[in-house]
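What follows is a single structure, written as structure tokens, with notes after it.
No lab work stands behind these numbers, since they all come straight from the coordinates. Being a predicted model, the structure only gives us computed values, none of them experimental. Here the Cβ positions follow ideal geometry from the backbone for every residue, glycine too, while neighbour counts run over all protein chains shown.
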Amino acid sequence: MSLRVQNDPPAGIGPSEVSRAGQSSSIGSGSGKSRISSGIEGGDQVQVSSVAESISAGTAALSQQRANRVSQLSALYAGGKYTVDSARVSAALIAGATTGTAAGKA
């Protein structure tokens, strides 16, 4: 990860790209980067690559999937339909303890 501090106003940011709050943004500019700056001369600026945006979107999707799964399990438990395969749980616990990984997964 690299961090770059830039005190000069970014080139190519015109008045039409500055919002009411004084923030400018350039998303999908073809460079694979998003830019948010304060709009104030000498203000802070952040550039996020498209890779970081993809990682963020993937993390959000996983969080939503996890929330959906928790809701499913909660409904099963509340309805008295949630059952646990104790042999499978114990096998996973043993595998995790012997391999040093969570639930025996590498």
Sort VAL48, VAL70 by Cβ crowding within 10 Å, fewest neighbours at the top.
VAL70, VAL48
For segment 38-94, listing trypsin sites (Lys or Arg not before Pro) in a DSSP loop whose Cβ sees at most 14 other Cβ atoms within 10 Å gives LYS81
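In whole Å, what three semi-axes, largest first, describe the equivalent ellipsoid of segment 52-104 built from its Cα gyration tensor (square root of 5 times each eigenvalue)? Intermediate values should be presented prior to the final figure.
Values: eigenvalues 141, 97, 4 Å².
In descending order the semi-axes read 27, 22, 5 Å.
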